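Below is one structure, written out as structure tokens; the observations come after it.
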Amino acid sequence: MAREKDVDRSVRGKPAHQLRPEDKAPTRAVVIVPVLARQPRGEDETNRPRLTRSAEARHDEAVGLAGAIDLDPVHTAVVTVTEPRPATLLGSGKVAEFADIVKERHAELVIVDHPLTPVQQRNLEKEFNAKVLDRTGLILEIFGERARTKEGTLQVELAHLNYQKGRLVRSWTHLERQRGGAGFLGGPGETQIESDRRQLQEKIIKLKHELETVRRTRDLHRAKRKKVPFPVVAIVGYTNAGKSTLFNKLTGAGVLAEDMLFATLDPTLRRVRLPHGTPVILSDTVGFISDLPTHLVAAFRATLEEVVEADLVIHLRDISDPDTAAQAEDVERILADLGVDASDAKRVIEVWNKIDLLDEGNRERLLADGAATKAPPVAISAVTGEGIDALKALIETRMSGELETTTLTLTPAQFGLVDWIYRNGEVVSRVDNEDGSVTISLNATHSARQEIESRLHRKNNG
């Protein structure tokens with residue numbers, strides 16, 4: 001049994017993102033992972049079953065989510081649910097069993113890794129005599145702790161309010177009290193729950209206005225970037241797939257990259273110069289996750305517009321994860337909601353990360369399978385750097401076209417372009433001629449060759 005920890009009563013009940021660092025002590029939590037016996041159906045035209053994760057993988061992810069906000073899981077369990085109960089989701093026997101565990105372990109919080117209706121949440125809180133968070137609520141708590149920018153904070157608050165709006169079904173008696181109306185005798189007025197809902201709606205409207213202001217500012221910044229024609233490359237993927245590690249490897253930035261779910265929330269943009277001189281803007285985005293609530297996607301739409309507006313999307317997969325196929329399906333579903341077709345080989349590059357964690361046999365088999373597909377993925381290790389050069393080359397090819405070989409002869413008056421040529425092309429040979437001119441043979445992208453010719457033309461006419 002986990003060691004007892006004293007928790008200051010003054011901090012109980014506060015959302016995790018509102019606690020000061022000195023207030024925070026690991027909250028004792030029981031983590032329950034319900035696994036439905038019947039497979040959920042897909043939402044496509046074939047209505048085929050969605051890929052499902054193993055119970056072990058779902059359990060590990062739920063524990064990882066709890067650990068992302070420093071909860072102390074004193075008990076975890078996977079529960080098969082044959083027939084979901086409208087009142088409690090779980091059967092009465094399991095509810096009683098977990099109520100005893102919560103009491104024995106002195107747990108203050110119960111995490112149910114499944115969406116709960118407001119009624120189910122209220123009933124479970126009564127039975128457990130502890131606060132209950134479903135999967136959506138837990139993700140919101142993590143987002144609230146990770147948000148750093150004004151936009152991220154506003155988005156999290158908006159998602160929180162939309163989540164709370166339907167959950168004012170509590171056992172609190174004050175929600176049923178009525179406030180008097182006008183007149184001598186007074187009318188029934190509005191109940192406290194109606195008042196709370198009205199106040200929530202007013203806050204939601206205010207936040208939406210503030211987010212719209214932030215969105216317009218982001219649009220202005222995006223418009224400025226478009227004036228300087230740098231293509232945008234967005235990295236997307238399931239949370240903890242290694243997006244921030246890859247971002248750091250490609251840019252040299254110091255973005256937080258930890259073995260933690262949702263380590264990155266706010267988007268980060270950096271300019272990168274590819275091997276043959278093509279400049280691009282690389283964007284690191286929030287990780288996706290299964291069963292991401294619709295209203296959460298809507299709240300973060302301004303952030304995810306970086307993906308929608310991107311010229312090229314890198315779909316990064318943790319190929320070492322046993323559930324990588326199910327994770328990829330979840331990412332593709334969210335991309336589709338954003339209007340991005342993951343099967344568009346011209347716009348989306350699939351990248352298999354963490355190949356260094358595979359044994360030789362699995363590695364060879366997966367690479368052979370990938371090579372046989374219509375758009376072979378790029379296999380990399382963002383940690384060791386393996387495959388990074390091939391990825392950069394592919395990004396440059398998609399952005400600027402295939403390499404072309406060209407030969408240029410520069411007069412002494414054009415020598416000012418030599419440095420630019422070396423930085424934006426791959427010089428194969430150079431010959432210094434007797435008349436003082438220099439002949440350079442180089443490999444360059446189509447766009448770089450056009451830029452060289454344009455600069456030479458301007459020099460000749462200058």
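The values are calculated or read from the model by the stated rules, or taken from the named source; none is laboratory data. As the structure is a computational prediction, the values presented were derived from the model and not from experiment. We place every Cβ from the backbone using ideal geometry, glycine too, and count neighbours over all the protein chains shown. SASA here: full protein model, heavy atoms, side chains in, ligands and nucleic acids out. Shrake-Rupley method; radii C 1.70, N 1.55, O 1.52, S 1.80 Å.
Keeping to segment 79-99, report how many residues are outside any strand (DSSP E or B) and surrounded by fewer than 22 Cβ atoms within 10 Å (Cβ to Cβ).
14
What residue, of Val74, Val119, Val102, is surrounded by fewer than 19 Cβ atoms within 10 Å (Cβ to Cβ), over 26 Å from Val286 (Cβ atoms) and not charged (D, E, K, R)?
Result: Val119 is the single residue among Val74, Val119, Val102 that is surrounded by fewer than 19 Cβ atoms within 10 Å (Cβ to Cβ), over 26 Å from Val286 (Cβ atoms) and not charged (D, E, K, R).
What are the pairs, 6+ residues apart or on separate chains, where a residue within segment 52-77 that is touching a residue at least 12 places away in the same chain (Cβ under 8 Å) and β-branched (Val, Ile, Thr) has its Cβ under 6 Å from a residue that is assigned to a loop (DSSP other than H, G, I, E, B) and open to solvent by less than 30 Å² (accessible area, probe 1.4 Å)?
Val74/Ala107
Can you find a residue in segment 418-430 that is within 29 Å of Arg333 (Cα to Cα), basic (Lys, Arg) and either open to solvent by less than 60 Å² (accessible area, probe 1.4 Å) or in contact (Cβ under 8 Å) with a residue 40 or more places away in the chain (or both)?
Looking for residues that are within 29 Å of Arg333 (Cα to Cα), basic (Lys, Arg) and either open to solvent by less than 60 Å² (accessible area, probe 1.4 Å) or in contact (Cβ under 8 Å) with a residue 40 or more places away in the chain (or both), one finds none in segment 418-430, hence no.
Between a residue in segment 129-146 that is at negative phi and any residue that is modelled with pLDDT of 90 or more and among the charged types (D, E, K, R), which pairs come within a Cβ distance under 6 Å, given they are 6 or more apart or on different chains?
Filtered contacts from segment 129-146: Ala130/Glu108; Val132/Glu125; Arg135/Asp113.
Mind checking which residues of segment 125-169 are among the aliphatic types (A, V, I, L, M), outside any helix (DSSP H, G or I) and open to solvent by less than 10 Å² (accessible area, probe 1.4 Å)?
Correct list: Val132 only.
Looking at Thr409, Thr384 in this structure, which one is touching a strand residue (DSSP E or B) at 6+ places or on another chain (Cβ under 6 Å) and surrounded by fewer than 16 Cβ atoms within 10 Å (Cβ to Cβ)?
That would be Thr409, the only listed residue that is touching a strand residue (DSSP E or B) at 6+ places or on another chain (Cβ under 6 Å) and surrounded by fewer than 16 Cβ atoms within 10 Å (Cβ to Cβ).
If you go through segment 299-317, how many residues are surrounded by fewer than 21 Cβ atoms within 10 Å (Cβ to Cβ) and at pLDDT 90 or above?
Qualifying residue count, segment 299-317: 1.
If a residue must be of a type in the set (Val, Ile, Thr), modelled with pLDDT under 75 and more than 15 Å from Ala147 (Cβ to Cβ), how many such residues does segment 256-285 contain?
0
Output the residues belonging to segment 152-178 that are at pLDDT 50 or above and touching an Asp or Glu at 6+ places or on another chain (Cβ under 8 Å).
Gly152, Leu154, Leu168 - these are the residues of segment 152-178 that are at pLDDT 50 or above and touching an Asp or Glu at 6+ places or on another chain (Cβ under 8 Å).
Could you check, for segment 395-402, whether at least one of its residues is in contact with a helix residue (DSSP H, G or I) (Cβ under 6 Å, 6 or more places away or on another chain), of a type in the set (S, T, N, Q) and within 20 Å of Leu312 (Cα to Cα)?
Yes, segment 395-402 contains a residue that is in contact with a helix residue (DSSP H, G or I) (Cβ under 6 Å, 6 or more places away or on another chain), of a type in the set (S, T, N, Q) and within 20 Å of Leu312 (Cα to Cα).
What are the residue pairs meeting all of these: first residue in segment 234-246, first residue more than 14 Å from Ile319 (Cα to Cα) and open to solvent by 10 Å² or more (accessible area, probe 1.4 Å), second residue of a type outside the set (A, V, I, L, M) and part of a loop (DSSP other than H, G, I, E, B), Cβ atoms under 8 Å, and 6 or more apart or on different chains?
Ser244/Thr264
Kindly indicate whether Glu453 is over 25 Å from Ser244 (Cα atoms), touching a Leu at 6+ places or on another chain (Cβ under 7 Å) and modelled with pLDDT under 85.
No, not satisfied.
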